[in-house]
Structure formats: C-alpha cells, structure tokens
1. Let me understand the chain better: what is its radius of gyration from the alpha carbons, and its Dmax, in angstrom?
2. Would you please state the base-10 log of I(q)/I(0) at q = 0.21, 0.27, 0.30 1/Å for region 172-222, with intensities from the Debye formula using one equal scatterer on every alpha carbon?
3. Using the charge dipole of the chain (Lys, Arg: +1 at Cβ; Asp, Glu: -1 at Cβ; taken about the Cα centre), state which of 257, 247, 134 has its Cα farthest towards the positive end.
4. Rank 184, 70, 96 by how far each Cα sits towards the positive end of the charge dipole of the chain (+1 on Lys, Arg Cβ; -1 on Asp, Glu Cβ) and give me just the farthest.
5. With each run of n ≥ 4 DSSP H residues scored as -39500 (n - 2.57), what mean residue ellipticity at 222 nm is computed for the chain after dividing by its residue count and rounding to the nearest 500 deg cm²/dmol?
6. In whole angstrom, how long is each semi-axis of the equivalent ellipsoid of region 1-99, when you take the square root of 5 times every eigenvalue of its Cα gyration tensor and sort them from largest down?
7. Set the Förster radius R0 to 25 Å, insert the Cβ-Cβ distance between residue 292 and residue 325 as r into 1/(1 + (r/R0)^6), and round the FRET efficiency to 0.05.
8. Round to the nearest 0.05 the FRET efficiency obtained for residue 70 and residue 348 when R0 = 56 Å and r is the Cβ-Cβ distance.
Amino acid sequence: MAEVILKDLVKSFKTVTAVDHVNLEIKDKEFMVFVGPSGCGKTTCLRMIAGLEEATSGEIYINDKLVNDVSPKDRDIAMVFQNYALYPHMTVFDNMAFALKLKKVPKEEIKTRVDEAAKLLGLSEMLNRKPKQLSGGQRQRVALGRAIVREPAVFLMDEPLSNLDAKLRVQTRSELIKLHRRLGITTIYVTHDQVEAMTMGDRIMVMSAGKLQQVDTPLNLYNKPVNKFVAGFIGTPSMNFLDAKIVDEGGKLVIDGGSFKLDAPADKKDLIKEYVGKEVIFGIRPEDIFDANLATLVKGDAGNTLKAEIDVTEPMGAVVTMYLRCGDHNIVATIDAETKGQEGETINFILDMSKCHIFDKETEMALF
C-alpha cells in the first residue's frame, strides 16, 4: 500500500499551464477523486503520477519515494483507461495475464492471480472469450482485472465508466466501491461527473483552470464550499447564485436582492457585518427551496419567504424541478411532487436560510 504526495506540481505546454502548483497528500488506502470540467488539468495530474507526462516542476512521491525520474513500469502503479485498451486478438485470460508474463511471473502464480481476480469481478466464465464477444461493462471489468492481478501500490483510473450506459455506470460504480473496500489499495480516480465523485470518493479534489480549488470530503464540499466555483460545480441541479446587497435594518442584517428581502442567519452576522452596504452573491441550493403550502421542515415567515412566478416545470417523479422568475432573478427549485403550483402562477416559496451561502462579489470566496 502507498501514500501519494504531490508537492508544488506544475505542468506547462508552451504558453498554457495545465496544472498550476498543485499540493496534495493522498493517504494510504484512500479513494481520492479528481473532479472538474473538461480541460481543468485533472487527467494531466493523473498522467504525471503515472509517469506518462513529465512534470515541468514540482515533486511526486509514491510511498515516500521521489518518482519524478522513475519510469512508469517501475512506479508500482496500475492504470485503467477510459477506452479499456484491451488487446483484441487475446483472450480475457491473456489480457489479464499479459503484464505478469512480461515480468516473468511463474505460470502457476499467474493462473492463481487471474483466477482470483476473475472470480472477484464475475469473469470466471469468460476467460476464454475475446474482447469483441464481451459487452462494454464486461470489457471494463477485464481492464480492472488486468490492473488488479498486478497487485500494485496505487490504482490510477481515468474516467473508466464514461463509455458505459447510465444503468451500467451506476452498477459498475457500486462494484468499484466494494472492490476498493475489499482490496484496500490506494486509488486515484478521475472524472468530470460530480455525481460519481460524490458517491465514490473518500475525499475529492476539485480543480478549475489547472488550479486546485478545494480538497475535502463529499459532504464538506457540498455544505462548506470555499468559493463560488466549488459551490456551483458540486450538486445537481447547481446552486442558485443571485446578486444582492447586505443591508442593516435596525440592527438586523438583511439580504436585499431588489425583488426579495431575506433575513441573514443570526449565527452568521459576524461573518458579513463588514459587508453592510456592499454587493454580494447570495447562494441557495434548489433542494433548500420549498413550496410554502407544503413546507413542513422549515417554518415560513417574512424573513425567509419570496414570491416567484413559475416559468417551467419538469416532473421527475418524487420531485418537480421548477424554473422560477423573481424580478430579474432566475431561480431553480426542487419541489415536492405534491405541489399544486402550475406554470404561469405566482406563489410563495420558503427558503431554508440556515443552509444559504454568501460569496464576496469580487473574489467569489465564500463568507459562509
């Protein structure tokens, strides 16, 4: 098993900095997810750890050993790619055994390791098939099996589920989580899908434009984002961001958005008292907005209620996604399916202000 440490890691391609001074410590046996939009540098980070890209500057340690100048085959890592990268002319057994044969591992040990991995992944009946005879999910499991038999110190996975259909992706995701718990191998997993990141990672590194934005547990990223980017990237549908101003009304701090006025949480007053009279960004998640006629978790009053027109409704089964208009503000809300609100109507909505967020207008850093 192994720790992976990145110290001031930089990767530049001529005038473009793909990875910009990333510092990160990945614990032994941890499932770490790198997440961010396309082009943010997450795959480049992974490829530098694997040795497939050379770092422009900075240091990479695997198990306390500096590996910047160590070849990929000697880093004790196994990588699973997005496109499976299986040899089409080889059987499943030979694909899984290939790396062990190159290392001249004894035949009996190869058979034992492949059989164990195949059993673990439900591939025992398919060892004599060729990749073209397998489904996408089965091919992905073969690629995983090929990595498992090597018994590496670190697994590196580059969007391994992106080629699977939605149902199979959910199934394979749970299989990967169970597999990690069983094997206990340090795993670094790259994805642009924040749902994958939230459900799989022990911790998540969120990246944007080559920079590390925040590293934390899924719940802390959701509840305590450090800036507007993380707040908007984590959560589906995305958090609502509304321009507003902090106003002092007789000692009570109010979030004034023009078409709405909401009381700032009493326990957060000290965090925003310096912003009285200044413009801020008010953030509220769609799931923290309730139809006033149905709200049971939050009691409505003048300080947490706004009136909005329903533009569009999207029934999703248990909930309805509503697109609302409040003055110049567009708001998305996830409402209980029992709502009677119809498109074109203007009704009252209650906001759970204990879960709201305020961001500095200029820096976009979270005040709370």
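The values are calculated or read from the model by the stated rules, or taken from the named source; none is laboratory data. Bear in mind the structure is a predicted one, so any value in this text is a computation, not a measurement. Cβ sites come from the backbone with ideal geometry, for glycine too, and all protein chains shown count toward neighbours. Accessible surface is based on the protein model in full, side chains and every heavy atom, while ligands, DNA and RNA are left aside. Shrake-Rupley method; radii C 1.70, N 1.55, O 1.52, S 1.80 Å.
1. For the chain, the Cα radius of gyration and maximum Cα-Cα distance read 24.8, 81 Å.
2. Results for region 172-222 at q = 0.21, 0.27, 0.30 Å⁻¹ read -0.79, -1.15, -1.28.
3. 134
4. Value: 96.
5. -7000 deg cm²/dmol
6. Calculated on Cα positions only, the semi-axes equal 26, 17, 13 Å.
7. Approximately 0.90, to the nearest 0.05.
8. 0.35
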